[in-house]
Amino acid sequence: MTDYQGKVAFITGGASGAGFGQATVFAEAGCRIVIADIRRAAIDQAAARLRAQGAEVHGIELDVTDRAAYARAADEVEKVFGKPPELLFNTAGVNAFGPLEKSTYDDFDWLMGVNLGGVVNGMMTFVPRMIAAGRGGYIVTTASMGGFFGSAAASIYSAAKAAVINLMESYRLALAQYHISVSVLCPANIRSNIAEATKLRPAHLANTGYVINEDVIRSLHSIHAHGLDPVVLARRTKEGMEANQLYIIPYPEEKESLTRHFKQIVDSVLPMEADPEGARKRTEALQNWIKDRQALMSKGKDD
């Protein structure tokens with residue numbers, strides 16, 4: 001992706017934080033911006049700031065867990081701009097910290113619902129429309145460094161982000177034939193207001209096993225205040241898109257921890273000499289299954 005002029009960019013969580021950074025950078029690049037966010041007042045403020053800089057912006061109030069609302073948002077984009085977006089940024093996310101063993105079903109339903117379910121809804125809503133439009137495009141989904149590691153304090157968030165990482169790897173393989181590329185952005189700390197996310201938690205999912213109060217929120221703000229600037233993050237994201245990177249991780253301090261983590265995984269695999277014949281048979285069986293599957297899929301298409 002190198003030509004952004006006139007392309008429509010749909011950004012969830014676009015009214016603040018990483019999403020607003022993306023809106024700013026891609027508006028500067030010539031995109032027409034759709035800010036999708038759950039907070040109407042924040043949408044209006046963000047849109048006004050971008051319009052003051054000459055950007056073409058449309059705001060849509062959207063709860064990313066609401067599939068019917070997502071479909072209406074997609075229809076609205078096509079009505080306003082005459083086409084579906086060529087760029088989709090699944091950026092909206094929430095977090096809550098607490099002991100995993102004290103988590104409630106509501107904790108799981110809220111955190112998984114937004115961080116994983118919201119991404120699923122974005123992909124299921126827009127990917128078929130992008131394919132049908134035949135213009136190609138680019139999808140960037142925000143996961144997290146937390147998706148590579150377990151966490152005793154941010155367990156549900158990390159599990160959701162791990163699923164997002166895997167899902168985007170799969171979508172990248174699936175969508176290449178349609179000239180739609182996919183990247184997964186894995187940030188560490190961002191200068192954002194995600195510490196306030198708990199204030200947006202739905203009333204019907206309010207039962208939590210975590211301590212959540214103003215002191216906790218202030219503590220989180222003290223961390224995020226030193227995070228990467230959202231505009232800088234968006235510029236790094238744009239560079240990653242232009243290089244067609246699967247992973248975009250603009251945090252040099254994370255290289256050592258990733259190296260250590262994945263070395264532990266690789267080192268746990270038995271060497272080939274431990275079972276060469278079994279490895280050969282299993283590999284051949286998998287390769288034959290792939291051939292059979294491809295033949296069956298081709299036959300199904302012809303029928």
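Against the conditions (1) assigned to a helix (DSSP H, G or I); (2) open to solvent by less than 40 Å² (accessible area, probe 1.4 Å); (3) among the polar types (S, T, N, Q), ASN95 satisfies every one except (1).
Taking ALA41 as the residue in question, decide whether it is without any contact (Cβ under 8 Å) to a residue 24 or more places away in the chain, farther than 15 Å from VAL8 by Cα and aliphatic (A, V, I, L, M). The answer is yes for ALA41.
Based on this model, can you work out whether THR65 counts as touching a helix residue (DSSP H, G or I) at 6+ places or on another chain (Cβ under 7 Å) and not aromatic (Phe, Trp, Tyr)? Yes, satisfied.
The residues in segment 111-126 that are open to solvent by 10 Å² or more (accessible area, probe 1.4 Å) and either of a type in the set (A, V, I, L, M, F, W, C) or not in a helix (DSSP H, G or I) (or both) can be counted, and the count is 5. The residues of segment 80-110 that are free of Cβ contacts under 8 Å to residues at least 60 places away in the same chain, closer than 27 Å to LYS238 by Cα and of a type outside the set (Val, Ile, Thr) amount to a single one, GLY82. Out of all the residues in segment 177-200, is one or more at pLDDT 95 or above and assigned to a helix (DSSP H, G or I)? Yes, segment 177-200 contains a residue that is at pLDDT 95 or above and assigned to a helix (DSSP H, G or I).
Which numbered condition in (1) open to solvent by 50 Å² or more (accessible area, probe 1.4 Å); (2) in a helix (DSSP H, G or I); (3) out of contact with any helix residue (DSSP H, G or I) (no Cβ under 8 Å at 6 or more places or on another chain); (4) not small (Gly, Ala, Ser) is the only one that ARG135 fails? If we test ARG135 against (1) open to solvent by 50 Å² or more (accessible area, probe 1.4 Å); (2) in a helix (DSSP H, G or I); (3) out of contact with any helix residue (DSSP H, G or I) (no Cβ under 8 Å at 6 or more places or on another chain); (4) not small (Gly, Ala, Ser), just (2) comes out false. Which residue pairs have Cβ atoms closer than 7 Å, lie 6 or more positions apart in sequence or on different chains, and pair a first residue in segment 252-275 that is of a type outside the set (D, E, K, R) with a second residue that is part of a helix (DSSP H, G or I)? Listed by first residue and then by second, the contacts come to LEU258/PHE148; HIS261/PHE148; MET272/ALA279.
Checking every residue in segment 226-248 against the condition of being at pLDDT below 85 and on the phi < 0 side of the Ramachandran plot gives at least one match. Restricting VAL34, VAL64, VAL77 to residues that are crowded, with 19+ Cβ neighbours inside 10 Å, β-branched (Val, Ile, Thr) and part of a loop (DSSP other than H, G, I, E, B) narrows the list to VAL64.
The values are calculated or read from the model by the stated rules, or taken from the named source; none is laboratory data. Just so it is clear, the model here is predicted, and its values are computed rather than measured. Glycine also receives a Cβ, built like all others from the backbone with ideal geometry; neighbour counts cover every protein chain displayed. Only protein heavy atoms, including side chains, enter the accessible area calculation; ligands, DNA and RNA are left aside. Shrake-Rupley method; radii C 1.70, N 1.55, O 1.52, S 1.80 Å.
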